[in-house]
Amino acid sequence: MCGIVGYIGRKEAAPVLLEGLKKLEYRGYDSAGIAVIANKKTTVIKTKGRIADLEKKFEGKIPKGNLGIGHTRWATHGAPSDANSHPHASNSGKIAVVHNGIIENYLDLKKMLIEKGYKFASETDTEVIAHLAEMYDDGDLVNTLIKVVKDLRGSFAIGLIHEDHPDEFVAVRKDSPLIVGVGEKENFIASDIPAILEYTRRIYLLNDLEIVHLTAEKVEILDLNKKKIEKNIFEVEWDVEAAEKNGYEHFMLKEIHEQPKAVQNTVTPRIVNNDIVFDKFSIDESSLKEISKIFVVACGTAYHAGMVGKYLIENFARIPVEVDIASEFRYRNPIVDKNTLVIIVSQSGETADTLAALRESKKKGAKILAIVNVVGSSIAREADDVIYTWAGPEIAVASTKAYTTQLATMYLLAIKFGLLTKNLPTSRARNLIKELREIPAKIDSLIGSLKEIETMARRHHCEKDIFYLGRGLDYMVALEGSLKLKEISYIHSEAYAAGELKHGTIALIEHGTVVFALATQDELFEKMLSNIKEVKARGATVIAIAKEGNEKIKEVADEVFYIPNITDALTSILTVIPLQMFAYYCAVDKGCDVDKPRNLAKSVTVE
Ligand code: AGP
C-alpha cells in the first residue's frame, strides 16, 4: 500500500518522480521521498507528511539527475517519520532503495547485518534491503539484487539505484504490484499505471520474482538465474484524464458519476444473443455440475458485493454459496476441495488477505474465479478464470464504481450459472438481461434526481450515530451504505438486518436518532413497514429508500428517496447510489479528506 516510481532517461528525474508520486498518493501518504543520481552522487530527500511537504524540503532547488526513484508511504513498520521514510540508503550512501510490502524476516536479517557492522538509521523493515545490497554488491546490479531477493521472505516491490551505475537501475516484485513503463529513450517503474500514463501507455506487467534491468534505451526482464524473459507490451487504454478528477471536486464524486459508464462497460460486452459470455472463463455446464459448493471471499466493500452474489447465485442457480471475509476464511481451515469454486472479489487485485485466501483455496484444490478491476493484478494472474470489472481506475479510497461493477458482474454470473444449471427459466433470464441493459440509464437518471441528498446531508452531517436497516438484498446494501459513511465522514454507523432490531439494537434508538430504512424489496415491504414503525415509536428520524410509485412509505418515513422501478433482484445497484452520495456530502460538510480518509489506504497489500 505504498507508491513507488522510478525513472531513467533524458529528462530531469525529480519532476517525473514527484508527478508520479502525486498520482499514487492514494496508495499511502504519511511520508514521501526521492533519491536521484547526478555526477555519480546520490541525493536523498525525504520527509514525514505529504508530497507537498517533500517539495517544501527542496527549498527551491530541486535535485538534478536523470536517474531516480521515489516513494510515498503508508506506514507498517515504524511510525511515520523522516527517518522511516523511503528511500533508504546504504551506509556508504551509494545505494538507495524504495520498497512496498513487508519483509517478514527483517529482524533476523537486521541482526545479522548489525553483527557485520552495518548501522541502521530507521525502524523499518525496508532498510535491510539497502544494507544487504551493499553487502552483496559485486559491481553488477542484477547479481546484487538477485542475491538480496534470495534472502528476503515476505512481500516486496523494490526499486534500487547505485551511484556507481548512473546509466541503469534495477527492480523486482513479489506479492506487491509493480509495472514497467516503456518510453522513447526513457523507462519507468511504478506501483500503478496512473503514475506514468502521461509519459507512456506501453507497459510490462511483471510476475513475481522477475528482475527488471532498466537503462534509458532498454528494459530487460530476467528470472533469478538471469535467463531473459520475453514479455508482450500491454497497451494501456486509459487517458490521463481518466486518472484525473475531470473537473469534479473529488475523485469520489467523479467516480460516483462514472458509474453508469462503468456498469455499461462491464455489462454490455458480455450480453451476446441473450446469453452471458465472459472472456477468460472455462466454467461450462459439465464443470459446473462438478461444483458442490461455492465460496465468495473478499474484504470490505468487495465482501458486501459478495453477499449480493451469494443471494443471486443461490436464487438463480440453486448452488449453495458461502460468503467469507478473507482475513477469517484463510485461518479457519475452510472445507474446500476440488469440487469447490472459490470466487475472489477485489478491486485492486492486491489485497493481502484476499490474495492469501486465493492461495489457500488453490492449495486445497479449488477452482478460482477472480472478479477484479485492475488488469494484470496479482489476484487476476493467480486465478484460473478472471472476470474483469471495467470500472477504470478507482482512485478514491472509498469504493463506489468498483462496487457497482462488482454487483453487475454478480448479476451476469448468477444468470450465467442459472442458465448452465437450467434452474433459471430462459424467459426469466431474458427479462433479467433486458433489465440489466437498462441499468446504466437508470443509474444516470437516479444520480440526476438526488439533488435533495446534498441538502439532507447538510442537516445530518453532525449526527453522532446513523443506523441503516434493511431486509434481504437491502440489508446487504445497508452494510455498504454504513461502511461508506464511516470511512469517509467518520460518523459512527451500524447496519442491521431489520428483523434483528428487536433482539437488542433497538435499545440504542432514541429521540432524533437518524435511521436509513431500505425498503425496495416488494415481498418484504410490509415487514419493513413494521420495522420503520418500531423505530419511529422510539423517536427515530427515518429516511427511507423505496421504489418509485411507492406512496405507502410516505405515511411512515420522515423523508423518502426513490429509486427507479426494477425487479427486486437487481435493486442493489440502484439502492446504493443515494447512500454513496449521502456519505460523500456528509464528508464534504465535515471538511474531511474525502479521497484520502485518515488511517485508510486504497489497497491494503499488507495483513
Ligand atoms: C471500500 O470503500 C474500502 N476502501 C475497503 O473496504 C475495500 O473495499 C477493501 O479494502 C477491499 O479492497 P479490494 O477490493 O481492493 O480487495
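The values are calculated or read from the model by the stated rules, or taken from the named source; none is laboratory data. Worth saying up front: this structure is predicted, and the values here are computed from it rather than measured. As a convention, Cβ positions derive from the backbone with ideal geometry for all residues, glycine included, and neighbour counts pool all protein chains shown.
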May I ask you to list the residues in region 96-142 that are of a type in the set (Val, Ile, Thr) and within 20 Å of THR605 (Cβ to Cβ)?
VAL97, VAL98, ILE102, ILE103, THR124, THR126, VAL128, ILE129
Of (1) within 16 Å of the ligand (Cβ to nearest atom); (2) in contact (Cβ under 8 Å) with a residue 12 or more places away in the chain, ASN599 satisfies all except one. Which?
(2)
In region 266-383, which helices (runs of 4 or more DSSP H) lie fully inside it and hold 2 or more residues that are more than 15 Å from the ligand (Cβ to nearest atom) and not basic (Lys, Arg)?
285-290, 300-317, 352-363
Odd one out for ALA190, checked against (1) at pLDDT below 95; (2) of a type outside the set (Phe, Trp, Tyr); (3) surrounded by 14 or more Cβ atoms within 10 Å (Cβ to Cβ)
(1)
Applying the selection to region 15-37, what residues are assigned to a helix (DSSP H, G or I), in contact with a strand residue (DSSP E or B) (Cβ under 8 Å, 6 or more places away or on another chain) and surrounded by fewer than 24 Cβ atoms within 10 Å (Cβ to Cβ)?
LEU18, GLU25
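Check whether at least one residue in region 539-546 is surrounded by fewer than 20 Cβ atoms within 10 Å (Cβ to Cβ) and not hydroxyl-bearing (Ser, Thr, Tyr), and report yes or no.
Initial filter on region 539-546 (surrounded by fewer than 20 Cβ atoms within 10 Å (Cβ to Cβ)): 539, 541.
Next, only the ones that are not hydroxyl-bearing (Ser, Thr, Tyr) stay: 539.
Yes.
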Residue count, region 572-606, condition in a loop (DSSP other than H, G, I, E, B), surrounded by fewer than 24 Cβ atoms within 10 Å (Cβ to Cβ) and among the hydroxyl-bearing types (Ser, Thr, Tyr), comes to 0
Identify all residues within region 101-129 that are closer than 20 Å to HIS71 by Cα and in contact with a Leu (Cβ under 8 Å, 6 or more places away or on another chain); write none if there are none.
ILE103, PHE120, VAL128, ILE129
